[in-house]
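Scroll down for the structure; my scribbles are underneath it.
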Amino acid sequence: MPLQKRGKVELLQTLSKKNYMNKQALAEWVHGKLGGTKVQAEEIVDGMFEAIIGTLKKGGEVSIAGFGIFSVKARAARMARNPKTGEQVKVAAKKVPKFRPAKGLKDMVA
């Protein structure tokens with residue numbers, strides 16, 4: 001059956017052969033849905049990631065209805081212990097990406 005005639009779930013299952021999906025598989029899925037060249041599909045996928053990362057770098061939030069919310073969380077500085085030596089080490093404060101799945105995504109996975 002041609003890639004464009006399959007359902008979304010079947011397409012994703014076909015493309016994720018080992019129970020995981022990577023950027024290449026996403027690009028193949030986009031290529032199957034929209035046609036065009038594989039290079040164009042890879043540019044679309046790369047562009048989406050760049051847009052999400054760019055927004056997070058500015059401290060913004062990316063909300064995708066039915067999927068979830070990407071945001072940035074500030075972690076405070078703290079003291080930790082080196083497991084090898086047992087020595088106390090200071091861990092600097094930093095910002096980390098965070099993802100909160102939407103109810104729709106949770107319901108589909110459950």
(message) Quick check on region 63-86: of everything there that is in contact with a strand residue (DSSP E or B) (Cβ under 8 Å, 6 or more places away or on another chain) and of a type in the set (G, A, S), which residue is nearest to P97 (Cα to Cα)?
(response) S71
(message) Looking for something among the hydroxyl-bearing types (S, T, Y) and touching a residue at least 12 places away in the same chain (Cβ under 8 Å) - is there at least one such residue anywhere in region 73-91?
(response) no
(message) Residues that are within 21 Å of L26 (Cβ to Cβ), at least 3 per element: which strands (runs of 3 or more DSSP E) completely within region 47-110 meet that?
(response) 62-64, 68-75, 94-101
(request) Could you tell me which numbered condition V39 fails, if it satisfies all but one of (1) of a type in the set (A, V, I, L, M); (2) surrounded by 14 or more Cβ atoms within 10 Å (Cβ to Cβ); (3) in a helix (DSSP H, G or I); (4) out of contact with any His (no Cβ under 7 Å at 6 or more places or on another chain)? (result) (2)
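Residue by residue, here is whether (1) in contact with a Leu (Cβ under 9 Å, 6 or more places away or on another chain); (2) within 29 Å of V96 (Cα to Cα); (3) modelled with pLDDT of 85 or more; (4) of a type in the set (S, T, N, Q) holds:
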position: M1; (1), (2), (3), (4): no, no, no, no
position: R6; (1), (2), (3), (4): no, no, no, no
position: S16; (1), (2), (3), (4): no, yes, no, yes
position: V30; (1), (2), (3), (4): no, yes, yes, no
position: G35; (1), (2), (3), (4): no, no, yes, no
position: E43; (1), (2), (3), (4): no, yes, yes, no
position: D46; (1), (2), (3), (4): no, yes, yes, no
position: E50; (1), (2), (3), (4): no, yes, yes, no
position: K57; (1), (2), (3), (4): no, yes, yes, no
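The values are calculated or read from the model by the stated rules, or taken from the named source; none is laboratory data. Here the structure is a predicted model, which means the values were calculated and not measured. Cβ atoms come from the backbone with ideal geometry, glycine included; neighbour counts cover every protein chain shown.
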